[in-house]
Each structure stands twice: as structure tokens, then as C-alpha cells.
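Below you'll find the structure, written out as C-alpha cells, and then a few comments.
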Amino acid sequence: MDNSTRTLQPLFAFLAYSLNRVETTFYKIPGSHVVARYVKSSHQDDPGRTVLEILLVIFAIRTLLQSRTRSDSGGKHFIKFSEKEIDELVDEWTPEPLTQPLSAEEQTDLASIPVIVGTNGPKPKLQSGKQVLNLASYNFTGLAGNEVIKERAIETLRKYGLGSCGPPGFYGTIDVHMDLERDIADFLGAESVILYSQAFSTITSVIPAFAKRGDIIVADRGVNFAIQRGLYVSRSTIRWYDHNDLKSLEDVLESVQRETRKRKLPLTRRFIVTEGIFEKDGAMVDLPKIIELKHKYKYRLMLDESFSFGTVGRTGRGLTELYNVPATEVDMLMGSVANTLNASGGFCAGSSFIINHQRVNGPAFIFSATGPALHATSASEGISILRNTPSILTTLHENVRTIRAILDRVDCITIPSHHASPMIHIHVRVPGPSTLQLPGPGAGKPSNPASVQPREPPVFDIEGEERLLQEIIDEAMAQGVWVTRARRLRGQEFVDARPSIRLSVSSAFTKKECEKAANVIKAAAIKVLGRRK
Amino acid sequence: MPSPIALNPISPTKSMFKKRSSTPMASATSYLSAVSQADARARAHGAATPTATPALSLSSSVTSSSEDTVLDEYDNNSDGLTLPLVAPTSEQVFTTVHSEFGHCANESFRYTSSHRLGAPAQETEEPEPPYYIVLTTYLSYILLICIGHVRDFVGKRFHPSFYYHLMPHDGYAPLNSDFDSFYTRRLKTRIDECFSHPVTGVPGRTIMLLDRVSYDHNITSHLTGTKTRALNISSYNYLGFAQARGGCADAVEEGLRRYGVAVGGTRLEGGTSELHVAAEALVARFLGQEDSLISSMGFATNSTVIPALVGKGCLVISDELNHASIRFGVRLSGASVRMFKHNDMESLENLLKEVISQGQPKTHRPWKKILIIVEGLYSMEGTLVNLPRVMELKKKYKFYLFIDEAHSIGAIGPHGRGVADYFGINPREIDLLMGTFTKSFGAAGGYVAGNKSVIDRIRLRGHSGTYAESMGPPVIIQIVASMASIMGVASPLPLARHSSHTSASSVSTVGLLEATEHHPGPAPASALPSWMDLPIELRDGSEGLTRLRRLAFNSRYLSRGLKKLGFITYGHDDSPIVPLLLFHPGKMRMFHRMMKHRETPIVVVVVAYPATSLTTSRVRFCLSAAHTKDDVDIVLRACDEIGDLLDIKNYSGERWSIQRVIDSAVELVNAEDI
Ligand SMILES: Cc1ncc(COP(=O)(O)O)c(C=O)c1O
């Protein structure tokens, strides 16, 4: 024992010496004393913490050193090939074409899209030379071509130029963007607002900024494609409830709660995602009821108001005004600056914590240039026009009523849209007693929340209906009324929406024009669909 | 070759600007004082007094047109930003506002951005800093992390309200956990003064900052109400088209009157205007492709087009440093992704061999198709893709190629047509060229161009056409006008009334035509809306060419100058993005602040983790055709001084003095190698 210590003596001496050397070298580094003192004192307070921190450092260094492009050639499915075999495989491989060429129908379809000449508005001129009544473009508030806005835009152009030439983080935040954010926040009564440079990319970016893997999102089965994309990239657990059926929502919330309790799952973020007026069919959500449920089950609400902001409520403040609910009750309220303010971009309103979170975590916000200054000032001007001219909204609602009064009585079509919705979808009525209406054997049983398909998915003939609708559209166009099919990305969406014609009513129409438009559509529908039998 | 932006003979034609300059006398006096100041400055710098006669004639007073954008109450030109240091001579008439687009008449400050035929693509080196720099950088981070943890530890006990949002409360999970947000809260917040600085006015050669202060360590900040004009070497304004004045802006104004602000609707429904159709044809022509599709947001161009191309069973091979929009698009598409080391062609080839021979995971079925996505010019590194090598690989491995040219379009290549132009590669051999209009064209949105059948498919299958708002008319007109001015517009030119001074400029047009093997020459006159009446120097492409050549000079001058001063820079010499390595996190804030608080304030962009690796924090300069050589000199001088103070001159190569760099700028730029 004693002997062995003695033999090890030189080694100890050497160790002590090296340690000393390391220490003196370490103290030569500027700032090292502070580090040493910190480590010592924190070690005294909490030795576990030192270990933790050292582990952290090691982990950080390991992550850094690890190549991000590591291949999985060690995986168990890896097959070893010789150089020659690889060359042969490379030679043999023939990829599919990048895209499939368009079919003849698709080509005609693409070519048939009307092209506007000059300013768009309630009665634009088309490239065919025809002047038409426009129920195809979104011009709900009639701001398209507004002279005051044009002047404001020109003024802005002369002060700011056109592009912002930078993302918000790097000198792309212009005062006019901040002004518009404030204007929208004031208009809605929200605490804070963040602007995105495209409406369609807004909610797709907002959802993954908050919802991550493991979080729970309860969503309507009829949500629009932008939301679907957001849900998909968030990689959260998604539970679906039947389209605009708040009873079904409550059941789903209840079942999630039960499951969480039963399996003792940890508390994760939970969101309800739905739309104000649904892009798919114009249905409107019962906001007070949803808010009640969200409070009851402690969910946060993401509400897409792309079509209801600026179109419903006495002055166009959207669903919150219509139902007289403070906007602060909605955690994230998304809207479009393009659809109703006739500029470009989208926004999200919420508490300042929620907005600031997006300024650091919203991919479409951080990694994209801010929109042109003149779009921001045009939108600000649009809001001030809405504020000062309540007649815009009254006329819009009046026009919606006029059109609905005529179309609601047409037998061969059905309208799923809410009565107040300025976006009116028209479906072909399925002739004869449809099996759809009859309660099936599974009726009454709820759908499976994990599947986006409802228990009894509606059956319809997409191609056939689209053809009929297109005939109606062509017929109406011949009479000088421009309407459009609601376009879809068949095959890429979670659920196929029923084909429909979508009318966008504008406050810029006179009562006469509304009656004319509705009557033309009615006649066209009767002509095309009546022929069918 | 005379450049029309710089040196225009006084023409009898009415200029857009002269019409507008209202009070020439007032501006002349202010100009005079500026001239004397400049004079004093020139003497102080030891340079010779300008011998040229200061121009005071009414015809040349455009330089100092007394509009509010030019002579703002905050612009007294004590910093030399609003008026040139050296007054123009009586023959020089500048048609741009100096604060937006600098006046530079010296024809030797020009260069052509092009790859020498036959030469290998430049290997961009990434010099290593001295060992102690790396070590102290790591220590800095460790220190910051430790302090952050201590503050959290203490804070949670004494200021729980501050952590309210990070903790579960009332049965809600926090939106952001304290762990996830640690980096943002404890590291980024410290340097928040470098980010999201609000501005006003044109993001041109200079930019007007809205001054702000923070009283609570960057948690909130307040505008003080004052403004500061600063030299802008940060905006993506490569060709200097961020202008509130000039032929493009005039066209946009006219277009706003004719078309309004927005169309309202999606491209496939009620939102297609004749302008979209015209612009798509022009963009395709510009790029040398068959057809193109434009979309209202650059980010969305990637995120909505990629899912239309690939899906399950397809493989995307992506450079590890690709932009977030590309990753977003790939994630949405559902395709498998593999990454290769940044711009490393060997790594790419090995990966290709592996994935083609192995096929899909588990099943080993062959991939349906393989799409390689690279960027033309990487915005954080300044590296150019090694396109010649990628094209070779493409022939052998039969993948499809998608190039995101957000930063390279307009900014690279003898004709500004991006990397294909730079390397002399036929653009038709590339399947899809994508890019944005936010940068070189001073507009907004993006495009994708390729074969007609592919583009038509994207029109129908891409998400934008069905659901996203279409691009607004003013944006389209800015794109058309700026693009046409780079291309030049083919005859029939309405030249008759300008014939007095076309001889000089037509020379440059010819030069432009000769060199266009792959890039179909000028824009056909029919591609422009019939009402669009661009000024002659835009129509004949001479102004566009000058912009390209000024940008190429500035880019090369700054990156080579910085290297000679002893800084570590990354990227390609011809890249208008010049990253200068700072390494230490603390130096980012200091560098940013010292640049901003100089006599001539300069705004810079600093980037750090997660946009770069942890140790390679950097400042990123974005050059513009709007900068003059004097501006680059100012930047170099500033870097030189600050570099000494902050110890960032870590490059071990040969060192020059700042004066030597400035004096030999032209040789430095024109040298093949340095
Ligand atoms: C490579 C790349 N692609 C796409 C984009 C997005 O373009 P935009 O800012 O026009 O949305 C950027 C912008 O930063 C980019 O760098």
C-alpha cells in the first residue's frame, strides 16, 4: 500500500504540475477570473447546477460538431453496393416527368379565365371587350378604384418609393406599416396587430408559430386551405369536429379532456381553429358560443376572419362587432387586408405577447420582405373610409339581402351561406330524393375526431357538377354578369369541397344592378339545370 | 461608355425632374453651402480641391431639387449624405436624387460581373480566425448562458409576473416555454437594438431612421420623434431601384391612376389583369425561359410552388443553408428531404449516388423524381452556387433543378440575369428558375419560370393561383419598368424626337445585344403597356447597364478592400452581399452602434445564431448600384477604424493601409486575383 503510493508519486507530481499550468493559462484569458468566480460560487450554492451546466456545454459543443448532413448510411436498411453497381443503378433510373402536362380540358379551362383591362371595380372591362357586372372579384366594400385611395397611394409612392427592400428585422419596418398596425388594432379594439405581406400566408405562418408537435388543435372539418396548410406544418395532434357544428365541437373537447385525464397526459397548448365566415361555403360561426366553450375547456381560439373582417358588423369590424364580443376575447384573430381593404397583405390581432411572439417566431413574417408602403397607406385610408362612411356596410348588407331574396327561391340550387355573408356560394341541388338527406344506419353517432372525414361524407359528382356550374357561368357571362366557380386544389386538400359558384357582393352595386345580377344567375341556373331532367 | 444616370448631356427634351423642381434659387443657395462644406472636407481629407466648376446653372439644379424627400428638416448635409461631396461640373446633369441614388460620373468605377469562361468556379475560402478568438467567443456564449440562467433563477423568485407568460397558468399551457425562449430572452434581447429599426422614406442609398430608445433593456422601445439619415448598406436594393423619383416611379404613378391599387381576387378567379399577362411574358423573356408565373409574395412563391412539384415518393435534395421559405415549401409538400453540405459538390454527388442506388427508405423502390433546390446567391454567406458543376451532375444523375435566385437575379451576371448568365449557362437547361422582385427590382413578390407545360401545371396546382391574392398593379408596373430598363426595349423605338443624343447610348445597346447568346436581347416593345412612356435612357437599356456595372464595381471593391484591410470576409468577390466576420456576440452590438453613431451614420445588418453557426456572427453588407465609390470609401474607413478598436482584423494575409486601398480601388477591382 505504502509502496504503491510511493511509486505513483512522480505521476501525482506531474498531475499537480499540469493542473497548475492549465490553471495559470486559463487565468491569462481575459474574463476568466469572472468565470472562475461564477463557477465556484454557483458550485457552492448548488453543486448539481455545475454538473448541469457542464453537461449543457458539452451538449452544445456536440451538437455543433455534429454534421447536419449526416447520412443514414449506417441504418439497418442500408444496402452496400459496389461503385459499378451504383453507376448501373444511376444509369437505369428514369425519373417521372417534373409535372404532368395539362389535359385538353384543363387547357381550355385555364384559357377561359377572364382578364381585366384597366381598373377593376363593379363594372370592369374584360379583354373580350365586354363590360360586365363583376361578382367574381373581392370588392365587398367597393374600395377598388377609389380615387381618394389612389391619391394617397401616389403620395406614398413619391415619399417611400415602391418596395420596402428588406424583411421587418432589417430596416424593412416602415412607419406606415406601424401606422396600419395601429389603425387595425384601434378599429378592432385589439391590443396589438402584426402585418404579413400576403393574406394567404398569414394563418399558415401563425399556426406553426404557436402550435408544435405534441400540442392539440381542435379544428373545424370545413376550414380553408390556408389553415389546412398551417395545421399540417405545425405537426400538432389534430382533432376534427363537424363543420360548423358546435355540439360536435363540445363533444370533441370533452373527449380530449377525458383522454388527457385518463392517460395523465401533460398539459400542452390547446387551440381551437375555425373561421368567421367559411371560405368553403359562406357559413358563419356562432362566436359567443365558441368563446364560451374555449373558456370552459381552456383552449385558445384562432379565428380566421379573412372574409368577415370588413364585411359584417355595423361598420365592418367583423364578427366581433356583429356578436358584440370584445376582440380581446379572441386570442388570435386573422384577417385579410386584400379582400376587404383592397390592398395586399394579411394581419393577426391579439395581445401584445401574442403579437411579439410572432415577430420572433412567425416564419412568413421574419423571412419575407414587408409589403410595399403604398399598400399599407391604402389600407389605412380604407379603414378610415369605413369608419367615416357607415353607409358602405348598410348598402352592402342591403345588396346581399336583395340578391338572396331572388336566389333563395330558385329550386334547382342550394345556398349553404349564411344570410349575412357577402360571399354567397351556390351548389347544384341534387335532383330527386337524395340519399344524403335520409338518415343512414350510423346516423346520430359522432364522427371520429381523429379523421378529417365525417362519419358520412357527402357524396357528390365533382366533375359533373363543375361542368354544370361552368355552363351557368358561361350563360351568365353572355348576359353581362361575371361570376366564378370557387376554384379548388383537388387532390391536395384534406377534404374535397362541394363544387360551387361563388358570388362576391359589393357595396358598389346599385339595387338595380343587384337585381339584374341575381335574375341573370337565376335564369342561367334554371336554363342549365332545368335542361338536365 | 458614358452612363446616362451619371452624365447626361443637357438635352432639349423635358426631363421629368426639371418639371418638378420648383424653387431653383433656394436650392442653389443650399447647394452652394453644401459645395463649400464639401470643399472643406476634401481639403481635410488631403485631397485636391475640386477643380471642376460647381454647377449653379438652373438646368443642373435638379441635383438639389428642393422636395421634402431631398431636403428634409433633418437633412443639413453635414454628413454628406444628401448632396455629393464633390459638386458636379457644369456639363454634368444627374437625374437622380443623390440621397436615393448616388451621383457617380467616373466611368472607371464600373465593372462587369461575369465568370471567366473555362475557369473553375471560384472556391470561396472561409478563413479561420486565430485560436483565441474562437475560444473567447465560446466563453462569451457560456458567460451569457450562465448569466441568463442566473437571472432566470433569481427572476422567477422575485419577479414572477415577468415569467407569467412562460409558466402554466389558469389551466393553460404557456405559449412559449422558458426553455424554448431562453435564447430570445437572454441573448437576442441584449442586442435587440440592432434589429427591426423602424425607418421612413425610400430605402435607397441612404435611409431615414426613426430614432428610438429603450428604458427597460430592450423589452420595449419608444420612438423619440427625431430622425437620422444614414448611409444604407443594408437594404436589398441591389440595382438601386428603390426610388421615389425617376422613370420607374413615374410609370408607377401613371399606372396607379389607370389601374388602382389592387385587383382583388385570386389569379384563377377574379384577379387576373392584363398587366399580369404582360409581366409574365416579360419575366420569361428576361430569364430566357418559355413561360413564367408571378405571385404576390416571394416567400409564398417557394412555399406554394414546391408542393405543386413534389410529393410523397419524391425526394428533395436541399443545400443545408437554403432559405426558410424553401424549407417551408418542402415541408408542406410531404416529399422526403436530404441535405448536403453547403455548396459542396462532392457531398452532393455522394448523396446522389447513395439516394439513387438505395431508393426510397425501407421499400427501396426507386424515387419517382429527385428535385435539387439550391440558391443562386446565399444571403448569409455571399457564396454563389457552383452552377457549372451542378449542371454536369444534372446530366449524369437526371435530377430536376430548382434555383432560387432571390438575391442573384438582377445582381449577378453581365446582363443581370442571375447565375446562369454569370456562368454563361443556357437557362433553358435549368428546369425552374425562381426569384423575387423585392430585391433587385425594388418591388414585391416573386416569380417562377420554366417550360410552358410546367408553368401551366403550376398555375393550376400551385396554391397561389387558387387562393392567394394576385399581385397589385403598382407592383407589376414597377417590375415591368425596372426589368425593361435592364433589358432595353427593342425598336420600334420612338426615337425620332430624341435623336439629338442617341449616338452615344446606342453604342451601349449594341454592346448589350452582341453578348446575348443565351439571353434573348431587349424586351419587345409590345411587352410594355402601350401607355408606358419610359424615358430614353431606360428604353435603350443604357441606364440599366450602368446600374449593373456600378453594382459589380461596388461589390468587388468592398469585399476586396475589406480583405486587404485585414478582415475575414466570406463569399464570392462578385457577390453584392459581403459578410464580415465578427465572431464575438458582444462585438455585433458594438459594431452596429459604432457604425450608426459615426459622423456619417451607417446602418448595418448583423446576423448571428440561428441564422449562422454559433461562432460565426457577422455583419452583412448589401451593396447597391446606388452607392458611389465615395460611399464605399466611407464604409471602408469606418470598418478600418472600428476594426482596430474592436480587434476584428483577424485575417492573416497581406495588409494594406486604408489610404492605399482607397487610392488603388480601380486596380483592386480589375485585378484577376488578389
Ligand atoms: C433565398 C430567398 N428566397 C425567398 C425569399 C423571400 O422573398 P420575399 O422577401 O420577397 O418574400 C428570400 C428573402 O429573404 C430569400 O432570401
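Projecting label points 7 angstrom from Cα along Cα→Cβ for B:Arg365 and A:Thr268 puts them 2.9 nm apart.
Give me a single rounded figure for A:151-159: the average over its residues of other chain Cβ atoms within 10 Å of their Cβ. If you can, show how the numbers build up before the last one.
Numbers: counts 2, 1, 9, 8, 0, 4, 9, 11, 7.
Taking all residues of A:151-159 together, the mean is 6.
With contacts taken as Cα pairs under 8 Å at a separation of at least 6 residues, the stretch B:131-186 carries a relative contact order of 26 percent.
Please average, across the residues of A:53-62, the number of beta carbons from any other chain that are within 10 Å of each residue's own beta carbon, and give a whole number. Don't skip to the answer; put the middle values down first.
Details: counts 4, 0, 0, 4, 5, 0, 0, 5, 2, 0.
The mean count of partner-chain Cβ atoms within 10 Å per residue comes to 2.
Calculate how steeply helix A:246-262 sits against the longest principal axis of the alpha-carbon atoms of chain A, using the helix alpha-carbon long axis, and give the answer as 0 to 90 degrees to the nearest 10. Tilt relative to chain A: about 20 degrees. With θ taken as phi - 60° and the Karplus curve 6.51 cos²θ - 1.76 cosθ + 1.60 applied, the whole-hertz 3J(HN,Hα) list for the stretch B:167-179 is 10, x, 8, 6, x, 9, 6, x, 6, 9, 7, 5, 5 Hz, x standing for glycine and proline. Between A:Asp474 and A:Lys125, the modelled label-to-label distance comes to 2.6 nm, taking each label 7 Å out from Cα in the direction of the beta carbon. The alpha carbons of the stretch A:147-388 stretch over 63, 38, 28 Å along the principal axes, in descending order. Across the stretch A:99-108, coupling constants 3J(HN,Hα) worked out from phi with the 6.51/-1.76/1.60 Karplus curve, θ = phi - 60°, read 9, 7, x, 6, 6, 4, 5, 4, 5, 4 Hz, and Gly and Pro carry x.
Here B:Asp211 and B:Asp644 are evaluated by their C-beta separation; at R0 = 22 Å the FRET efficiency comes out at 0.20.
Which entries in B:Lys368/B:Lys439; A:Lys130/A:Lys512; A:Lys84/B:Lys395; A:Lys298/B:Lys188; A:Lys247/A:Lys522 show an alpha-carbon gap greater than 24 Å?
Violating the 24 Å limit, Cα to Cα: B:Lys368/B:Lys439; A:Lys298/B:Lys188; A:Lys247/A:Lys522.
Counting only residues at least eight positions apart within a chain, or on another chain, the aspartates and glutamates with an alpha carbon under 17 Å from that of B:Lys587 are B:Asp192, B:Glu193, B:Asp640, B:Glu641, B:Asp644, B:Asp647.
Pull out the extension gain between B:Val277 and B:Asn350, defined as 0.36 nm times the separation in residues minus the alpha carbon to alpha carbon distance; nm, one decimal.
22.1 nm
In chain A, helical runs assigned H by DSSP with n ≥ 4 each contribute -39500 (n - 2.57); averaged across all residues and rounded to the nearest 500, the mean residue ellipticity at 222 nm is -15000 deg cm²/dmol. Each of A:Asp411, A:Asp304 was scored by other Cβ atoms within 10 Å of its Cβ. Listed from fewest to most, they are A:Asp411, A:Asp304. For B:Glu672 and B:Ala324, the difference between the fully extended length at 0.36 nm per residue and the C-alpha to C-alpha distance is 121.8 nm. Stokes-Einstein diffusion for the stretch B:131-186, with the hydrodynamic radius set to the Kirkwood value over Cα pairs and evaluated at 37 °C in a medium of 0.692 mPa s, equals 259 µm²/s.
Within 14 Å, Cβ to Cβ, of A:Asp109, how many net charges do the neighbouring residues add up to if Lys/Arg are +1 and Asp/Glu are -1?
Working: positive: A:Arg467, A:Arg485, A:Arg487, A:Arg488, A:Arg490, B:Arg267, B:Arg457, B:Arg459, B:Arg461; negative: A:Glu105, A:Glu106, A:Glu463, A:Glu466, A:Glu471, A:Asp474, B:Glu269, B:Asp456.
Local charge sum for A:Asp109: +1.
Taking Lys and Arg as +1 and Asp and Glu as -1, the other residues whose beta-carbon sits under 12 Å from that of B:Arg589 total +3. Compute the long axis of helix A:175-188 from its Cα atoms, compare it with the longest principal axis of the Cα atoms of chain A, and write down the angle in degrees, 0 to 90, nearest 10. With rounding to tens, the tilt is 60 degrees. Summing Lys and Arg as +1 and Asp and Glu as -1 over all other residues whose Cβ lies under 10 Å from the Cβ of B:Ile409 gives a net charge of -1.
What full-extension length gain, to one decimal in nm, is calculated for A:Ile406 and A:Asn324 as 0.36 nm per residue of separation minus the Cα-Cα distance? Mind showing how you got there, number by number?
Values: separation 82, 0.36 × 82 = 29.52 nm, distance 2.96 nm.
My answer for the length gained is 26.6 nm.
Shown for A:Phe81, A:Phe309: other C-beta atoms within 10 Å of each C-beta, ranked fewest to most, produce the order A:Phe81, A:Phe309.
The distance between label points at A:Val115 and B:Tyr132 comes to 6.8 nm (points 7 Å beyond Cα on the Cα→Cβ vector).
Bridgeable aspartates and glutamates around A:Lys527 (alpha carbons under 17 Å apart, same-chain partners fewer than 8 residues away excluded): A:Asp408, A:Asp411, A:Glu465, A:Glu466, A:Glu471, A:Asp474, A:Glu475. By the count of other C-beta atoms within 10 Å, a proxy for reagent exposure, A:Phe367, B:Phe158 are ordered fewest to most as B:Phe158, A:Phe367. For B:Lys227, the aspartates and glutamates whose Cα comes closer than 13 Å to its Cα, not counting residues fewer than 8 places off in the same chain, are A:Asp175, B:Asp72, B:Glu73, B:Asp75, B:Asp211. Each pair of Cα atoms in the stretch B:247-533 enters the Kirkwood radius, and Stokes-Einstein at 20 °C and 1.002 mPa s then converts it into a translational diffusion coefficient of 109 µm²/s. Expressed in Å, the radius of gyration and Dmax of the Cα atoms of the stretch A:454-503 are 12.7, 42.
Where a number appears in this text, it was derived from the coordinates with a stated rule and is not lab data. Since we're looking at a predicted model, the values are computed, not measured. Here Cβ is always computed from backbone atoms with ideal geometry, including for glycine, and neighbour counts include all displayed protein chains.
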